[in-house]
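Novice: Take a look at the following structure, please.
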Amino acid sequence: PLITAMEVIDSQEVDYSEIGGLDQQIMEISESVELPITKPEVFERIGITPPKGVLLFGPPGTGKTLLAKAVAHRTNATFIRVVGSELVQKYIGDGAKLVRDIFEMARKKAPAIIFIDELDAIAATRLEDTNGADREVQRTLMQLLAEMDGFDNRGDVRIIAATNRADVLDPAIVRPGRLDRIIEIPLPDKDGRETIFRIHTERLNIGSDVDVKKLSDLTEGASGADIGAIVMEAGMLAVRNDSDHIGMSDLLDAVTKVMVPKANNVDHSE
Ligand code: ATP
């Protein structure tokens, strides 16, 4: 109960089929994280050591967590999720110890996947003079690097880290033998959005007038999380109207509701 910045989940229910528009990325992550756990002999035969860790980077809500969970599910690995910002906020003075505990637990519960979300909170380069809190973050990062260096690539502990801001990361973290595979998770394109709309409406009662192609046309710039929010909002509208299904008009209203505030937040400075 003390350690709430770390969440251990033994079996993940996410399947690759629930992730839309990321086929290439799914292939890459399955080769670099799943395969070394399920078929280590393939790497031995060829004589290469599998990557120790993978860095996923891209905008918020694009499926990075989903991907990590799906990999854990495929391998039946213990999934340990840590959030970078929580690690350093809640545990001032204790971040380094928590990092140590996390790796120890992973080794005990192997095969295990350590998922570090918001990696930038602990692994950003600091240019200015460091104050006390920054030094603590630095110590946490040092411990993380030491743990990564200290375990064997051929073992069955893998690291997946995620960030929205790969540009600010300390280069030390992406050195060979650490997070040595970098996979970009972009916003979905038109086809990707269509697939994600299909995935999110699959189990719902949807009217025959619903046109997912049109919805995908209307949602340029939307993330997978935005599409999830649109479908949820449309469902709420259907509930409010006491309808027995979600109609195209509910979805169109939901698109407006979710996309307009986003459009107003767009940074026009570029
Ligand atoms: P963050 O950077 O904010 O942590 P993330 O990239 O980890 O975001 P997820 O937590 O994986 O994003 O996505 C949030 C939710 O959005 C998912 O639970 C899912 O419902 C939906 N979603 C995001 N991306 C996709 C996708 N590619 N396919 C299907 N659903 C998606």
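The values are calculated or read from the model by the stated rules, or taken from the named source; none is laboratory data. Because the structure is a prediction, the values reported are computed rather than measured. Neighbour counts run over all protein chains shown; Cβ positions are idealised from the backbone, glycine included. Please note that ligands, DNA and RNA were not included when accessible areas were found on the heavy atoms of the full protein model with its side chains. Shrake-Rupley method; radii C 1.70, N 1.55, O 1.52, S 1.80 Å.
Novice: Could you run through region 155-166 and say how many residues are more than 20 Å from residue 27 (Cα to Cα) and more than 17 Å from the chain's Cα centre (by Cα)? If you could, list the steps in order and put the result at the bottom.
Specialist: Of the residues in region 155-166, the ones more than 20 Å from residue 27 (Cα to Cα) are 155, 164-166.
Adding the requirement that they be more than 17 Å from the chain's Cα centre (by Cα) leaves 155.
The total comes to 1.
Novice: Right, something else. Does region 154-173 contain at least one residue that is open to solvent by less than 20 Å² (accessible area, probe 1.4 Å), assigned to a loop (DSSP other than H, G, I, E, B) and either on the phi < 0 side of the Ramachandran plot or at pLDDT 90 or above (or both)?
Specialist: Looking for residues that are open to solvent by less than 20 Å² (accessible area, probe 1.4 Å), assigned to a loop (DSSP other than H, G, I, E, B) and either on the phi < 0 side of the Ramachandran plot or at pLDDT 90 or above (or both), one finds none in region 154-173, hence no.
Novice: Now for a different question. Give region 237-248 a look and list any residue that's in contact (Cβ under 8 Å) with a residue 12 or more places away in the chain and either part of a helix (DSSP H, G or I) or within 26 Å of the chain's Cα centre (by Cα) (or both), or say none. Step through it out loud before you land on a result.
Specialist: Initially, region 237-248 is screened for residues in contact (Cβ under 8 Å) with a residue 12 or more places away in the chain, giving 237-238, 244-248.
Hits for region 237-248 are 237, 238, 248.
Novice: Which residues, taken from region 48-72, are open to solvent by 60 Å² or more (accessible area, probe 1.4 Å) and modelled with pLDDT under 90? It would help to see each step written out before you state the result.
Specialist: Initially, region 48-72 is screened for residues open to solvent by 60 Å² or more (accessible area, probe 1.4 Å), giving 48-49, 60, 66.
48, 49 - these are the residues of region 48-72 that are open to solvent by 60 Å² or more (accessible area, probe 1.4 Å) and modelled with pLDDT under 90.
Novice: Would you point out which residue out of 226, 253, 191, 217 is surrounded by fewer than 17 Cβ atoms within 10 Å (Cβ to Cβ), part of a helix (DSSP H, G or I) and in contact (Cβ under 8 Å) with a residue 40 or more places away in the chain?
Specialist: Values: 226 fails: surrounded by fewer than 17 Cβ atoms within 10 Å (Cβ to Cβ); 253 fails: in contact (Cβ under 8 Å) with a residue 40 or more places away in the chain; 217 fails: in contact (Cβ under 8 Å) with a residue 40 or more places away in the chain.
Just one listed residue meets the conditions, 191.
Novice: Report, ordered by the first and then the second residue, all pairs with beta carbons closer than 9 Å, sequence separation of six or more or different chains, a first member in region 21-50 that is on the phi > 0 side of the Ramachandran plot, and a second member that is within 16 Å of the ligand (Cβ to nearest atom) and in a helix (DSSP H, G or I).
Specialist: 21/191; 21/192; 21/193; 21/194; 21/195; 21/196; 21/224
Novice: Anything in region 195-214 that is polar (S, T, N, Q), away from the ligand (no atom under 11 Å from the Cβ) and open to solvent by 40 Å² or more (accessible area, probe 1.4 Å)? List them, or say none. Step through it out loud before you land on a result.
Specialist: Of region 195-214, the ones polar (S, T, N, Q) are 195, 201, 205, 208.
Remaining after also requiring away from the ligand (no atom under 11 Å from the Cβ): 201, 205, 208.
Once the filter is applied, which keeps residues that are polar (S, T, N, Q), away from the ligand (no atom under 11 Å from the Cβ) and open to solvent by 40 Å² or more (accessible area, probe 1.4 Å), region 195-214 yields 205, 208.
Novice: A further question follows. Those residues that are of a type in the set (Asp, Glu) and either touching a strand residue (DSSP E or B) at 6+ places or on another chain (Cβ under 6 Å) or more than 28 Å from residue 167 (Cα to Cα) (or both), I need them from region 15-64; list them, please.
Specialist: Keep residues of region 15-64 that are of a type in the set (Asp, Glu), which gives 15, 18, 23, 28, 31, 34, 41, 44.
Of everything in region 15-64, those that are of a type in the set (Asp, Glu) and either touching a strand residue (DSSP E or B) at 6+ places or on another chain (Cβ under 6 Å) or more than 28 Å from residue 167 (Cα to Cα) (or both) turn out to be 15, 18, 28, 41, 44.
Novice: Can I ask one more? Would you mind finding the one in 103, 43, 115 that is more than 16 Å from the ligand (Cβ to nearest atom) and open to solvent by less than 20 Å² (accessible area, probe 1.4 Å)?
Specialist: Numbers: 43 fails: open to solvent by less than 20 Å² (accessible area, probe 1.4 Å); 115 fails: more than 16 Å from the ligand (Cβ to nearest atom).
Of the residues listed, the single one that is more than 16 Å from the ligand (Cβ to nearest atom) and open to solvent by less than 20 Å² (accessible area, probe 1.4 Å) is 103.
Novice: Would you check which residues across region 174-188 are within 12 Å of the ligand (Cβ to nearest atom) and either outside any strand (DSSP E or B) or over 18 Å from the mean Cα position of the chain (by Cα) (or both) and list them?
Specialist: Passing the criteria: 185, 186, 187, 188.
Novice: Check whether at least one residue in region 235-250 is closer than 27 Å to residue 28 by Cα, of a type outside the set (Lys, Arg) and open to solvent by less than 40 Å² (accessible area, probe 1.4 Å), and report yes or no. Explain how you work it out, then say what you get.
Specialist: As a first pass, look at region 235-250 and keep what is closer than 27 Å to residue 28 by Cα: none.
No, because not a single residue in region 235-250 is closer than 27 Å to residue 28 by Cα, of a type outside the set (Lys, Arg) and open to solvent by less than 40 Å² (accessible area, probe 1.4 Å).
Novice: When only residues in region 53-95 that are of a type in the set (Val, Ile, Thr) and not in a helix (DSSP H, G or I) count, which is nearest to the ligand (Cβ to nearest atom)? Write out each step before concluding.
Specialist: So the first thing to find is which residues in region 53-95 are of a type in the set (Val, Ile, Thr), and the list is 54, 62, 65, 71, 75, 78, 80, 82-83, 88, 92.
After this cut, where a residue has to be not in a helix (DSSP H, G or I) as well, the list is 54, 62, 78, 80, 82-83, 92.
Details: 54: 14, 62: 4, 78: 19, 80: 16, 82: 12, 83: 9, 92: 23 Å.
This residue is 62.
Novice: Of the residues 260, 231, only one is over 30 Å from residue 32 (Cα atoms), aliphatic (A, V, I, L, M), without any contact (Cβ under 8 Å) to a residue 60 or more places away in the chain and open to solvent by 30 Å² or more (accessible area, probe 1.4 Å); which?
Specialist: The match here is 260.
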